[in-house]
Amino acid sequence: MKTLEIKNSKINTSNISTIAPKDGTIVLDLINSEMYIRNLFIRDIENLTNYAVLSSNNSKLYVESSEGDYRASPQWTKSFSSSMNYGNGMSCNITATEIPDVIFIACGYKHSIAIKEDGTLWGTGSNNHNQLGLDHDISKVSSFTQIGYDTDWKFVACGYEHSIAIKEDGTLWGAGTNESGRLGLGGLITETETFTRIGDDNDWKYVSCGHSHSVTIKEDNSVWGTGSDWYGQLGFEWGGDVRVVFVPLNIVPSIICKCGDNHTFTLSEDKKVYGTGSNTSGQIGLGHNNPVENFTEVTDVGTCNYIECGSQYTMIIKEDGTLWGTGSNGSGQLGIDNTTDEIENFTSVVVSSGSNDNWKSVSCGGHHTISTKEDNSVYGTGSSSYGQLGFGNNSYDTFHEGSENNKDILVSCGDDHSFLLLHDKSVWSTGRNIDGQLGQGNYLDVSYFTEISD
């Protein structure tokens, strides 16, 4: 007996209450479908020994909260390919709705967070320090899972084991570990399980997260920071930790800030480049590898359109559209046609088939770099030991073009994984997946960009 059969559909419903008509009843049969349930209420009316069956064939069930025999943690995603048993029947009213598209993705060390066009926040991967903000005791998830119920998220950045996001009203929120004060929640809070408001200000517009520090920009382009300054990454010279709310940094007004593991770059209003922090691999680009403890202008690069920091290296796009890199290069992540360990000056990249021009954006991971041109073509260089370039396990020391189908509108790199958001709003991921950071519903590494089904 079947109570309800759903085929080839995407379903969204608020409340479902269930009863158990008799043992063994198939109360919901999902076939090539997805079902979103906000509240699932289970009611036992008999002492059943053989459970009724929720049957699924190539389908997914998302349950935000539940009560009764079938327990699903809030925001937890249940994916299955065979029967799931519980002792209840089901009756409900169902309305079909379109699942919203992803519009932004940020990658951390081993976690990834996305924003959908309806303003909801979704996360996947490592949650060992609650960096996904899921409010439940789970160390990792392998599918994108909704984070809370808010629908006004605007921007998000991911660090090593923390995440910081901005809402439409300009307020700042953080989740994960607050070690060294990296969340800006003060010195008494060691970790937060949900996204928690940071301070009282409501004029934040940009944020970037490093290993143990975070840097933000306000609407007036003032730059603020918190967390570790042991390497000078906040530019205070004296070192130590900033364990208070975000404090203003000694740097000119800026439009972009980027954090590496232990170094920071900003792009000023007049498009000049400033860097501070760890310089052991030459990642500040000043021609030496001595420590840099305050924001220093990199004068020989001129004016730039974009900056990005990897773990221990830095990439810039100059105003003429050319791409340059400095710092750690042992895996070829700078794309300069060699694997010299340390490069201390910004050096022009080499493109395997093409020219160094018309670059639009660049994203840096631990030892790999992916960049896009104005025509939205995608290029990668560096380590692909986990498949993080999407070229199989082939690593390169020059920029190689990806698939012709990968016409990207956004690229984001984590430590050993990468995401593409394409022009058709499809989401693709590749690379290391030990904690589910690819959002593919499993923990298997992927060597080529693979689409994530809704």
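Please list, by residue number, every one of the GluC sites (Glu not before Pro) in the range 372-454 that is coil in DSSP and has at most 15 other beta-carbon atoms within 10 Å.
Values: sites: GLU374, GLU401, GLU404, GLU451; in loops: GLU374, GLU404.
Sparse-neighbourhood loop GluC sites (Glu not before Pro): GLU374, GLU404.
Is any residue of the range 250-269 close enough, with backbone N under 17 Å, to a label point placed 7 angstrom from the Cα of THR303 along the Cα-Cβ axis, and if so, which?
253-256, 267-269
In whole angstrom, note down how far apart the Cα centers of the range 149-177 and the range 291-363 are.
If you average the Cα positions of each part, the centres end up 28 Å apart.
Multiply the residue separation of ASN338 and GLU193 by 0.36 nm, subtract the distance between their alpha-carbon atoms, and state the gained length in nm to one decimal. Walk me through the numbers on the way to the answer.
Numbers: separation 145, 0.36 × 145 = 52.20 nm, distance 4.34 nm.
Additional length available on full extension: 47.9 nm.
Checking the table LYS218/LYS407; LYS318/LYS373; LYS116/LYS271 against a 22 Å threshold on Cα-Cα, which pairs fail? Let's see the in-between values first.
Details: LYS218/LYS407 32 Å; LYS318/LYS373 13 Å; LYS116/LYS271 31 Å.
Going by Cα-Cα distance, LYS218/LYS407; LYS116/LYS271 fall outside the 22 Å limit.
For ASN202 and ILE138 in one chain, what is 0.36 nm times their gap in residues minus the Cα-Cα distance, to one decimal in nm? Don't jump to the answer; show the numbers that get you there.
Working: separation 64, 0.36 × 64 = 23.04 nm, distance 3.13 nm.
The span from ASN202 to ILE138 would gain 19.9 nm if fully extended.
Could you work out how far apart the two model spin labels at ASN128 and ASN250 are, taking each label as a point 7 Å from the Cα in the direction of the beta carbon, and quote it in nm?
3.6
Values quoted throughout were computed directly from the atomic coordinates according to the rules given, and no laboratory measurement underlies them. Just so it is clear, the structure is predicted and the values come from calculations on it, not from any experiment. Note: ideal-geometry Cβ built from the backbone for every residue, glycine included; neighbour counts use all protein chains shown.
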